[in-house]
Amino acid sequence: MTLHRPSSADNSLALRVVWKALGEIAEEIPIVFPVHPRTQKRLRGLGLDSGTGQPFGQRNGIRLLSPLGYLRFLHLESVATFVITGSGGIQEETTVLGVPCLTVRENTERPVTVTEGTNTLVGLNSERLKEGAHQILSGKGKRGRVPALWDGEAAKRIVGILKERLQSSSVGRT
C-alpha cells in the first residue's frame, strides 16, 4: 500500500475513509504500508499511527513501515496479492508485474493501466475499495495484460528511429 498524494494524505476526511476501509480489508489479509513522511505526519496528527507513540509498527492488521528504497519496494510489489495506491508509477509497475492494483483516485494519468492493465480505479470510496479487495481475494479480480510496446525495448526503437532520420536527412548532402 502507498498513500502520499496531497488529495488523499492531506485530506483528513479522505484519509479517515481509506484508513477505515484498510482496517476492514486487513481482517482478511495483512496490509504492508511503507509510510511516506507526509502521510506519517497526517496519520500521527489524526491518531491513526501505530498507537504506540512510535511512527511505525502494527495497527489493526496494518503493518506500518519506514519508506523503502525502490528495489525493495519493487520486490514487495512483485510478491503482493494486490496493491493499493494513489501513485501513477505504481499503477504502471503493477501492470508490468501482473499484480492487481486498486487506485484510490477517481482518475489517472495512466489510463492504459485501467483499459489494458491490472489497475482498477476505486476512488476515495471505502465501499469500492473494500469491494475491489474482496473481488481480488475471492479470485475474481482484474488480471489485465501488459500493454503493447511495454516490452523493455523502447530505447532500441528510439535509436532505430533516430538512425533512420539521421540517414534520411543526410541523403541529399554530399
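The values are calculated or read from the model by the stated rules, or taken from the named source; none is laboratory data. A quick note: this is a predicted structure, and the numbers were derived from the prediction, not measured. Counting neighbours? That spans all protein chains shown, and the Cβs are built from the backbone with ideal geometry, glycine included.
Considering only residues that are of a type in the set (A, V, I, L, M) and modelled with pLDDT under 90, look in region 25-61 and name the one that is surrounded by the fewest Cβ atoms within 10 Å (Cβ to Cβ). So the residue we want is 46. The one condition from (1) polar (S, T, N, Q); (2) touching a residue at least 60 places away in the same chain (Cβ under 8 Å); (3) in contact with a Gly (Cβ under 9 Å, 6 or more places away or on another chain) that residue 126 does not meet is (3).
Within region 97-107, the set of residues being in a loop (DSSP other than H, G, I, E, B), buried (at least 16 other Cβ atoms within 10 Å of the Cβ) and without any contact (Cβ under 8 Å) to a residue 60 or more places away in the chain comprises 99, 100. Considering only residues that are within 17 Å of residue 2 (Cβ to Cβ) and touching a Lys or Arg at 6+ places or on another chain (Cβ under 7 Å), look in region 118-134 and name the one that is surrounded by the most Cβ atoms within 10 Å (Cβ to Cβ). Among residues in region 118-134 that are within 17 Å of residue 2 (Cβ to Cβ) and touching a Lys or Arg at 6+ places or on another chain (Cβ under 7 Å), the one surrounded by the most Cβ atoms within 10 Å (Cβ to Cβ) is 118. Looking at region 113-128, which of its residues are part of a helix (DSSP H, G or I) and either in contact with a strand residue (DSSP E or B) (Cβ under 6 Å, 6 or more places away or on another chain) or β-branched (Val, Ile, Thr) (or both)? 113, 114, 115 - these are the residues of region 113-128 that are part of a helix (DSSP H, G or I) and either in contact with a strand residue (DSSP E or B) (Cβ under 6 Å, 6 or more places away or on another chain) or β-branched (Val, Ile, Thr) (or both). Any residue that is under 12 Å from residue 102 (Cβ atoms) and outside any loop (DSSP other than H, G, I, E, B) - is there at least one of those in region 148-158? No, there is no match, as no residue in region 148-158 is under 12 Å from residue 102 (Cβ atoms) and outside any loop (DSSP other than H, G, I, E, B).
The set of residues in region 56-96 being out of contact with any Ser or Thr (no Cβ under 7 Å at 6 or more places or on another chain) and in a loop (DSSP other than H, G, I, E, B) consists of 60, 61, 66, 67, 68, 69, 79, 80, 81, 82. Every condition in (1) part of a helix (DSSP H, G or I); (2) at pLDDT below 95 is met by residue 140 except one, and the failing one is (1). Taking the numbered list (1) modelled with pLDDT of 90 or more; (2) over 13 Å from residue 124 (Cα atoms); (3) of a type outside the set (D, E, K, R) in turn, residue 22 passes all entries but (2).
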